[in-house]
1. In the stretch 131-176, which residues are charged (D, E, K, R) and either surrounded by 14 or more Cβ atoms within 10 Å (Cβ to Cβ) or in contact with a helix residue (DSSP H, G or I) (Cβ under 7 Å, 6 or more places away or on another chain) (or both)?
2. Based on what the data block shows, is LEU48 in contact (Cβ under 8 Å) with a residue 60 or more places away in the chain and over 15 Å from the mean Cα position of the chain (by Cα)?
3. Being under 21 Å from LEU63 (Cα atoms), in a loop (DSSP other than H, G, I, E, B) and not hydrophobic (A, V, I, L, M, F, W, C) is the filter here; which residues of the stretch 128-160 pass it?
4. Wholly within the stretch 1-99, which helices (runs of 4 or more DSSP H) include no fewer than the required count, namely at least 3 residues that are surrounded by fewer than 17 Cβ atoms within 10 Å (Cβ to Cβ)?
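Bear in mind that the values in this text are calculations on the coordinates, not laboratory data. This one's a predicted model, so the numbers in the text were calculated from it and none came from an experiment. Here the Cβ is made from the backbone with ideal geometry for all residues, glycine too, and neighbour counts use every protein chain on show.
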Amino acid sequence: MIKHLPNSVTCLNLFSGCLGIVFAFQGDLKLASYAICTSAIFDFLDGLLARLLKAYSNIGKELDSLADVVSFGVLPSAIIFQILSVSDQVRFGLDWLSYTPFVMAVFSALRLAKFNIDTRQTENFIGLPTPANALLIASFPLIIENGNSFLVDFIQNQWVILFFSLIMSLLLISEVPLISMKFKSLKFSENLLRYILILASVALFIFFKYEAVPMIIILYFLISLIQFRFVEKT
């Protein structure tokens, strides 16, 4: 039974993603966003449990990817689809454009399949991880609901969000190296940039709440750039 605990948590990730899709198509994007966050917690816990219990299995690896396709591929695409569906431009005969975000679901599946066979990604990532992309999108309905940010105008602009969908799709399968948050040890010297990212993310979230998520993703790219372009070369 113990060796199946991580897989059980992975199934909770999948279940949360399925519920989130229902919420998204019912128009409750806030609950859909919370479903992504819940899935991300389960996604973290299943990996943690697998390492603590040494309960690794091929089926666990494949199940994790299948769950992530739903929770971090289809669900965020559905949220963007709903945001686009109420756009003024869509009402003027360009409704077919609202289906464009589902390209992200396709590229998320490609990214996860690539990750499973790419031996270069055992310690760090190559391309944007699907949970990071999904959490970024999960922040959009919460930012819109707040309504006091200049970001709202960008998020609700059809052309900006379409461009965003295409760019994020490409980043998912790109060759851009990014640091992972897997700690081999807790030594400060070995994880300096990870600790900086965590502390900065907490500080940004305290001051800006949901609006901090896009800033954190940008910071994630910048710290990864420092790590792979400057620190490792040095």
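1. The initial filter retains those residues of the stretch 131-176 that are charged (D, E, K, R), namely 145, 153, 175.
Residue satisfying the conditions is GLU145 alone.
2. On the way: in contact (Cβ under 8 Å) with a residue 60 or more places away in the chain: no; over 15 Å from the mean Cα position of the chain (by Cα): yes.
In short, no.
3. Within the stretch 128-160, the subset under 21 Å from LEU63 (Cα atoms) is 128-135.
Still in the list and also in a loop (DSSP other than H, G, I, E, B): 128-129.
PRO129, the sole residue that qualifies.
4. On the way: elements: 5-25, 29-53, 58-69, 75-85, 88-91.
It comes to 5-25, 29-53, 58-69, 88-91.
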